[in-house]
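Structure record follows, encoded as structure tokens.
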Amino acid sequence: MTTHEVEDILTDILERAKVLDPANARKWFEKLTVCRLEGGSLGISCPDEATIHFLQENCKSSFTRAAQQVTGHLVTIDFNLEQHKKIDKTSKLSPHELKLHPDYTFDNFVVGPSNRLAHASCIAVSQSPGKTYNPLFIYGSSGLGKTHLLRAVCFEAQKRYENLVIQFLSCEEFVNKFIRAIEEGNLAGFQSQFRTVDMLIIDDIQFLREREHSQEEFFHTFNALYNNGKQIILSADCPPGKIPSLEARLISRFNWGLVARIDPPSYETRVAIIQKKAHLRGLEISDDIAEYIARKVQANIRELEGALTTLYAVATTTTKPIDIELAQTALEGQIKASIRHISITDIIEVVTQHFDVRLADLQSKKRSQSITEPRQICMFLARNLTKHSLEEIGGHLGGRDHTTVMHACNKISLANESDPKMNALLNDLTKQITNPVKI
Ligand code: ADP
Ligand code: MG
């Protein structure tokens, strides 16, 4: 992600906070700059102490909610004086420094029977890159901690070996960079960027399917790195042999090293994860509540985190203490939504029918309004109605990267609030998706 894209996200958070708290926005928010998002904390620069004081007292929950809505994560808010923190536009940030959720470390990863092998192999690889399991292939359903583990490897390896050159990117980013290199006639630059690293980590490699040229390129990158003893780590939502249209020679290479599966977490692991996440955010949460959530939300960990976010948002807006009753009310909607499993395909079907467009158009590069809008609506609905990550949603819609998806979601979400027509349309589409008419 470029510095520019990070700035866009920070701007989105500020814009969202203005929508959530219009009463204070005009007087207090105009002079603010959102300056950084790191370590699960959002830094907001204020012009003076009085503003800091006022915002601390009155607007913290609006900013917390805005940051949650934009990033999908619980974020702590840190108001500070302007001169301290500013994004240095000229500074070069490495890709992993720019990943938005530095909570993803080994310390913050709860180990249980469902993920023990994946966790142990990631630790081993981060301690001796290229020397233990190569390639390391981690797979499991969405929301079970693959990206968390990959990022943890990144942090740990960088900490141990300062000069290690790491490339960490999603499959879409890889493919997009490759396409751009071809368009710009700079394939040599692309190749030297990827074939000379010490560690290449590609998340959600299942999206490499049916893009033959990038498969070919990836194959050569893989060989170059492997032959030089460089570490390769991949993740996917299924084992290598099940990735649709993946060439046999790549499948066999992915199986050369260690293939580790992550299963859905057990009840005990779920309780421990909830406690860990709550603790990370400085939330007081009793064992009863953690156990209640762990019993109710079983599908995956992203949903567990979502449940905690909802609970936290409700608790901060009502100023009530978090008790079982509040937990029940807060989670009611969430639990209902997870009962019927909604897939991106369900969403795409309803949206393409409504707008009379084809899936191929949504996945194409077309940028006309008649295609962009349904595409963005698909992204928004997928973000709200499914448990897929931004990367995965982008993957389904023509290999767009997660910042594009995040922008689409923010744009539609703002339109949803300001434009009654859009609001009615989204409600109608959501109804069709969640309660399909049975013929
Ligand atoms: P995936 O990449 O498999 O879809 P993620 O790595 O994005 O899943 O995980 C989803 C969320 O669940 C993240 O916030 C992550 O921190 C959290 N998570 C997953 N597994 C664990 C775990 N074992 N301990 C703590 N948090 C976890
Ligand atoms: Mg992931």
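Could you tell me whether any residue of the range 138-156 is more than 16 Å from ligand 1 (Cβ to nearest atom) and in contact with a helix residue (DSSP H, G or I) (Cβ under 8 Å, 6 or more places away or on another chain)? No, the range 138-156 has no match at all. Look at the range 378-393: where a residue is under 14 Å from residue 410 (Cβ atoms) and a partner is assigned to a loop (DSSP other than H, G, I, E, B) and more than 13 Å from ligand 2 (Cβ to nearest atom), sitting 6+ places away or on another chain with Cβ atoms under 7 Å, you get 379/397.
For the range 283-302, the count of residues that are surrounded by fewer than 18 Cβ atoms within 10 Å (Cβ to Cβ), at pLDDT 90 or above and within 13 Å of ligand 1 (Cβ to nearest atom) is zero.
The lone criterion from (1) outside any helix (DSSP H, G or I); (2) over 20 Å from residue 403 (Cβ atoms) left unmet by residue 56 is number (1). Applying the selection to the range 114-155, what residues are open to solvent by 30 Å² or more (accessible area, probe 1.4 Å), modelled with pLDDT under 95 and either assigned to a helix (DSSP H, G or I) or over 28 Å from residue 227 (Cβ atoms) (or both)? Result: 141, 147, 155.
Among the residues in the range 258-270, are any among the small types (Gly, Ala, Ser) and in contact with a strand residue (DSSP E or B) (Cβ under 7 Å, 6 or more places away or on another chain)? Scanning the range 258-270 turns up at least one residue that is among the small types (Gly, Ala, Ser) and in contact with a strand residue (DSSP E or B) (Cβ under 7 Å, 6 or more places away or on another chain). Across the range 399-439, the qualifying residues are those that are open to solvent by less than 50 Å² (accessible area, probe 1.4 Å) and among the charged types (D, E, K, R), and the one among them that is modelled with the lowest pLDDT is 401. Just wondering, is there one or more residues in the range 236-243 that are farther than 28 Å from residue 129 by Cβ, outside any helix (DSSP H, G or I) and within 16 Å of ligand 2 (Cβ to nearest atom)? No - not one qualifying residue is present in the range 236-243. Farther than 30 Å from residue 74 by Cα and at pLDDT below 90, is that true of residue 212? It is true that residue 212 is farther than 30 Å from residue 74 by Cα and at pLDDT below 90. Within the range 394-410, being more than 11 Å from ligand 2 (Cβ to nearest atom) and either touching a His at 6+ places or on another chain (Cβ under 8 Å) or in a helix (DSSP H, G or I) (or both) holds for 394, 396, 403, 404, 405, 406, 407, 408, 409, 410. Scan the range 225-265 for residues that are over 24 Å from residue 192 (Cα atoms), of a type in the set (Gly, Ala, Ser) and within 15 Å of ligand 1 (Cβ to nearest atom) and the total you get is 2. Regarding the range 203-220, can at least one residue be identified that is basic (Lys, Arg), touching a residue at least 24 places away in the same chain (Cβ under 8 Å), open to solvent by less than 60 Å² (accessible area, probe 1.4 Å) and not assigned by TED's automatic domain parsing to the domain that holds residue 285? Looking through the range 203-220, at least one residue is basic (Lys, Arg), touching a residue at least 24 places away in the same chain (Cβ under 8 Å), open to solvent by less than 60 Å² (accessible area, probe 1.4 Å) and not assigned by TED's automatic domain parsing to the domain that holds residue 285.
In this structure, is residue 357 of a type in the set (A, V, I, L, M, F, W, C), over 29 Å from residue 20 (Cβ atoms), in contact with a helix residue (DSSP H, G or I) (Cβ under 6 Å, 6 or more places away or on another chain) and more than 16 Å from ligand 2 (Cβ to nearest atom)? Answer is yes for this residue. For the range 390-398, check the following and say yes or no: at least one residue is modelled with pLDDT of 85 or more, within 25 Å of residue 293 (Cα to Cα) and open to solvent by less than 30 Å² (accessible area, probe 1.4 Å). Yes, the range 390-398 contains a residue that is modelled with pLDDT of 85 or more, within 25 Å of residue 293 (Cα to Cα) and open to solvent by less than 30 Å² (accessible area, probe 1.4 Å).
On the given criteria, is residue 61 surrounded by fewer than 19 Cβ atoms within 10 Å (Cβ to Cβ), within 16 Å of ligand 1 (Cβ to nearest atom), modelled with pLDDT of 75 or more and not assigned by TED's automatic domain parsing to the domain that holds residue 167? So residue 61 does not fit the description; no. Scan the range 338-377 for residues that are in contact (Cβ under 8 Å) with a residue 60 or more places away in the chain and crowded, with 16+ Cβ neighbours inside 10 Å and the total you get is 5.
Just wondering, is there one or more residues in the range 157-178 that are assigned by TED's automatic domain parsing to the domain that holds residue 201, within 16 Å of ligand 2 (Cβ to nearest atom) and in a loop (DSSP other than H, G, I, E, B)? No, the range 157-178 has no match at all. So if I check each of 372, 386, which one is closer than 23 Å to residue 70 by Cα, out of contact with any helix residue (DSSP H, G or I) (no Cβ under 8 Å at 6 or more places or on another chain) and not assigned by TED's automatic domain parsing to the domain that holds residue 308? After ruling out the rest, the residue left standing is 372. The single residue among 253, 270, 249 that is modelled with pLDDT of 90 or more and open to solvent by 60 Å² or more (accessible area, probe 1.4 Å) turns out to be 249.
The values are calculated or read from the model by the stated rules, or taken from the named source; none is laboratory data. Note that the coordinates shown come from a computational prediction; the quantities given were computed from them, not determined experimentally. With ideal geometry, Cβ positions are generated from the backbone for all residues, glycine too; neighbour counts draw on all protein chains shown. For the accessible areas, the whole protein counts, side chains as well, though only heavy atoms, and no ligand, DNA or RNA atoms are used. Shrake-Rupley method; radii C 1.70, N 1.55, O 1.52, S 1.80 Å.
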